[in-house]
Structures are given as structure tokens and as C-alpha cells.
Number of protein chains: 2
Amino acid sequence: MRISELADTTGVTIATLKYYLREGLLHPGRSQGATRADYDETHVERVRLVRTLIDVGRLSIERVREVVTALDVPPESRHLLLGTAHDVLRQSASGPPPEAVVARITSLGLPDCAGSPASTQLAQALAAAEAAGWPISDATLTSWYAAMTRVADADVVPELAAMSPGDALHHAIIGNVLTDPVVIALRRVAQEALSARRFEAGGS
Amino acid sequence: MRISELADTTGVTIATLKYYLREGLLHPGRSQGATRADYDETHVERVRLVRTLIDVGRLSIERVREVVTALDVPPESRHLLLGTAHDVLRQSASGPPPEAVVARITSLGLPDCAGSPASTQLAQALAAAEAAGWPISDATLTSWYAAMTRVADADVVPELAAMSPGDALHHAIIGNVLTDPVVIALRRVAQEALSARRFEAGGS
């Protein structure tokens, strides 16, 4: 299809598609002479992925380029693959987390994925909360981990083992991007329900 | 204290403090003549709050102004208060969620907080995932809600009832901003642990 049809199919303007091509977020079409190129289903899918990462995941163009690059050359190991997914989805944070926080995570019996993007992200988030005067108790952390294991149970599906590395990576990235907002919204709804139960009866 | 001392105490430059004053994120100091003003502990606390909302919560200046305005005139009811907190923390989304999604939330037995910021956020997140080709099954949604109720149990503490409306609102906003990243990081760590258990043994 021509670029104008790609624009119609995806609902993304030609100017934006050209921007994606320039920035390397979208692979070039098959050249059909000096001024025309032909695009196919892989372009439609890629444009949809890029839009989801930007609109829902709020990733920067820089970060989207990392995702796309990782998808083009995915790691072979399923386990490394999840690390790659978590790495491109990480919140930017400055420097390695404090050793005391890392030691605490281990001492609580949380999985020791020393140096994995996920455990680094956890240590950084804990350190940031603590620095802002919001320490999280061991009991809360352990309880939250149990709860998030329940959430993750639906994330790490057996089907992943049968997918190609590229498909599995796509699944891990897009699944987290699309469902993190659902999980956080469920937390808010649960807060409202508990608040109604605990405080409404009391009058205010 | 002078503005230079406020800068030293908070680690925020004088230029940025003046920007916060102009934008109404920071209340004016007590005037001490035409070119001097006096700042106190309330300013130190407010600057720290603004930094946390921007650095950890990644809120826009616009959204930070909403938080600050809400804190200055907090609602009296504990329950409305949580709605206010959720409202300022919402992800910007376009228009009301589709009725079918709202009906589905109710039919699953999730709390019917019709029109509350939290339930609107949930419906929008579900609709966005579905539109991007990632439907979430009823079983997963119910299981995730149970898990997030466990998380919220540590959020809605009895102490909230004894706090002033302003303090309780501050608690609800800052607690969510600081701990959402912890909860999401725990999800990633749990994914890694489950992935290792389910796939590592199999060789890849």
C-alpha cells in the first residue's frame, strides 16, 4: 500500500508517519522508484505499536526507539527477554540504588534478581519513597509482593514458551504497557471501596 | 528565612523557586519590604511536595497546581477527599468511557462507584487496552481486583479518620504518587520470579 493508505488504515497522519520513518521507529517501505515506497501489514502493526507505546505507555520517542530496536533483534532466552522488556519500560532513575535498600529486599525474601532491571527499579522506587519521607514497612512490602505475584500470574502465561522471541518480547512489553494503568486504577477503586466501608458509616 | 535559605534547605534553585511563586505552586512569603520576603517551614514542605509530584509522580505543572489548590481548600468528607486525590492523579484521557465497559465493571461485582474518578479511570484503561487489541478476561480482572484490594488495605489506614482534611488529602495524594512505582516494580519482580520458575527449567 502507499503511505496515504497506511495513514488511512492507522489513523496517523502522513507527516507523522514520515517523522517515524526519519526517527527509525518505522522500517522503510519497499522502494518503488525514487518517490514511492510500498508498505504492508508489518508497517500497520508497527505503527499501532508505536502509538500504543506513546499514547498509553507515555514513552518518549527515545524509549520507543529502544523498544523497536529490541524487537528487531530479540534475545533468545525467555528469561533475558523479560529483562529486556522491563529494561525498556523502566522509569528513568539516576544511578544505582543504595546498597542498604538492595540488602533489605533480599533480607525480606523477595527474589534476589540482583542487578535485573526489575529489582533495580524496585530498589530505586523504595529509595525514592523513603527519601521523600514515606518509608514502607516490611509487613506492607511483603503483603504487596504477595498481591503482585497474584497479578503477575496472569502475565506470565504458558503460551509465552511457544512464541517466537520477537512475539514473546512484544507480548511482554505491550502487556505491561496496556495493563499497568488497569492495575493502578483497580488499586484506586479498591481504596474507594475500603474507604467507604471504613469511614462512611462513621458519618464523614 | 530568605529565599536563598529556602533554596539551600530544599536543594531547589532560586530561579526555580521564583518560577513556582509565579505559577502559584508556592504561596508567597511574608513581605519584609519591597524586595524581601520571609519564608517558613510551610514553604519548605510545599517545595518538597511539588518536587515529589514532579520528579516521582511525573505530574505536569498544570496538574501540580490542581493538587496545591485542592490542598488549600480540602473537602470535608473523607470519602470526597479520596475522590479529589484520585481526580488530580488521573491519567488524562479523552471523554467518558464507553457504556459497555462501565456495565461490565458493574456486572463483575466490582464496586459501583459510578462516575467516581477511580471507576472512570478503570473504565478508560480497560477501553484503551481493548482498543489496542489486548482484552482482559473477567477471571483476570476479578483476580486482579482481589490482589489490589490487598494492596489498598495498607493504603486506607484507620489513622486517616483522625487527620485534618488537608493532612488526609496530602496523605492520599503523596502516598499514591510515591508507592505506585513500588507496586509496579513489585509486579515486574514477580513476573521475573514466575518466569524463572516456569521457563528456566525448560532450558531457555
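The values are calculated or read from the model by the stated rules, or taken from the named source; none is laboratory data. Predicted model only: the values in this text are computed from it and were never measured. Backbone-built Cβ (ideal geometry, glycine too); neighbour counts: all protein chains shown. Heads up: the accessible areas ignore ligands, DNA and RNA and are worked out on the full protein's heavy atoms, side chains in. Shrake-Rupley method; radii C 1.70, N 1.55, O 1.52, S 1.80 Å.
With all protein chains present, calculate the accessible area of B:Leu178 using a 1.4 Å probe and round the result to the nearest 10 Å².
About 0 Å², ignoring ligands and nucleic acids.
Can you compute the charge dipole magnitude of the range A:56-200 about its Cα centre, using +1 on each Lys and Arg Cβ and -1 on each Asp and Glu Cβ, nothing else charged? Give it in debye, rounded to the nearest 20.
On the way: 11 positive and 16 negative charges, 87 e Å.
Magnitude of the dipole: close to 420 debye.
How far is A:Gly11 from the same spot in each other copy, in nm, shortest first, if each label point sits 7 Å from Cα toward Cβ?
Listed shortest first, these distances are 4.3 nm.
With unit charges on the beta carbons (Lys and Arg positive, Asp and Glu negative) and the dipole taken about the Cα centre of chain B, which residue among B:Val183, B:Tyr145, B:Ile61 sits farthest to the positive side?
B:Ile61
As a test of understanding, state the convex hull volume per residue of the protein assembly as shown from its alpha carbons, in Å³.
On the way: hull volume 68.9 nm³, N = 408.
Expressed per residue, the convex hull around the Cα atoms of the protein assembly as shown is 169 Å³.
Enter the accessible area of A:Trp134 (Å², nearest 10), with the probe set to 1.4 Å and all protein chains included.
Accessible area of A:Trp134: about 60 Å².
If you draw the axis that swings chain A onto chain B, which residue of A has its Cβ closest to it, and how far is that in whole Å?
Measuring from each Cβ to the axis, the minimum is at A:Ala147, 2.
For A:Leu108, go 7 angstrom from Cα along the Cα-to-Cβ vector, then report the distances to that same point in the other copies in nm, smallest first.
Output for A:Leu108: 2.6 nm, nearest copy listed first.
Given the -39500 (n - 2.57) contribution per DSSP H run of 4+ residues, what per-residue ellipticity at 222 nm results for chain B, rounded to the nearest 500 deg cm²/dmol?
Helix contribution divided over all residues of chain B: -20500 deg cm²/dmol.
With viscosity set to 0.692 mPa s and temperature to 37 °C, compute the Stokes-Einstein D of the range A:1-55, Rh being the Kirkwood radius across alpha carbon pairs; µm²/s, no decimals.
Working: Rh = 11.1 Å.
This corresponds to a translational diffusion coefficient of 295 µm²/s.
Is the range A:48-94 rounded, prolate or oblate when judged by the Cα gyration tensor, a ≥ b ≥ c being the square roots of its eigenvalues, rounded requiring a/c under 1.5 and prolate requiring a/b larger than b/c? Don't jump to the answer; show the numbers that get you there.
Values: a/c = 2.12, a/b = 1.37, b/c = 1.55.
Note, shape of the range A:48-94 comes out oblate.
With r as the distance between the Cβ atoms of B:Arg90 and A:Ile14 and R0 = 35 Å, compute the FRET efficiency 1/(1 + (r/R0)^6) and round to 0.05.
Values: r = 33 Å, r/R0 = 0.93.
With a Förster radius of 35 Å, E is 0.60.
Just need the relative contact order of chain A here, percent rounded to a whole number, with Cα pairs under 8 Å and 6+ apart. Could you put the intermediate results ahead of the total?
Values: 143 pairs, mean separation 39.8, N = 204.
Across chain A, relative contact order equals 20 percent.
Pick from A:Pro165, A:Pro98, A:Pro117: which is most flexible by mean-square fluctuation in a GNM of chain A where alpha carbon atoms under 10 Å apart are linked?
Result: A:Pro98 has the largest fluctuation of those listed.
How many nanometers, to one decimal and shortest first, lie between the label point of B:Gly24 and those of its other copies, if labels sit 7 Å from Cα toward Cβ?
Label point to label point, same position, other copies: 4.4 nm.
To the nearest 20 debye, what charge dipole does the protein assembly as shown have about its Cα centre, counting +1 at the Cβ of each Lys and Arg and -1 at the Cβ of each Asp and Glu?
Details: 38 positive and 48 negative charges, 119 e Å.
Roughly 580 debye for the protein assembly as shown.
Please report the Cα spread of the range B:89-167 along all three principal axes, rounded to whole Å, starting with the longest.
In descending order, the Cα extents are 44, 27, 19 Å.
Would you work out the charge dipole size for the range A:1-55 about its Cα centre, treating the Cβ of every Lys and Arg as +1 and the Cβ of every Asp and Glu as -1, and quote it to the nearest 20 debye?
Details: 8 positive and 8 negative charges, 40 e Å.
Using Cβ point charges on Lys, Arg, Asp and Glu, the range A:1-55 gives about 200 debye.
With a point put 7 Å past each Cα toward its Cβ, work out how far A:His27 is from A:Ala131 in nm, to one decimal.
So the two model labels end up 4.0 nm from each other.
How large, in Å, is chain A by the Kirkwood hydrodynamic radius built from its alpha-carbon pairs?
Values: mean 1/r = 0.0504 Å⁻¹.
After inverting the mean inverse Cα-Cα distance, the result is 19.9 Å.
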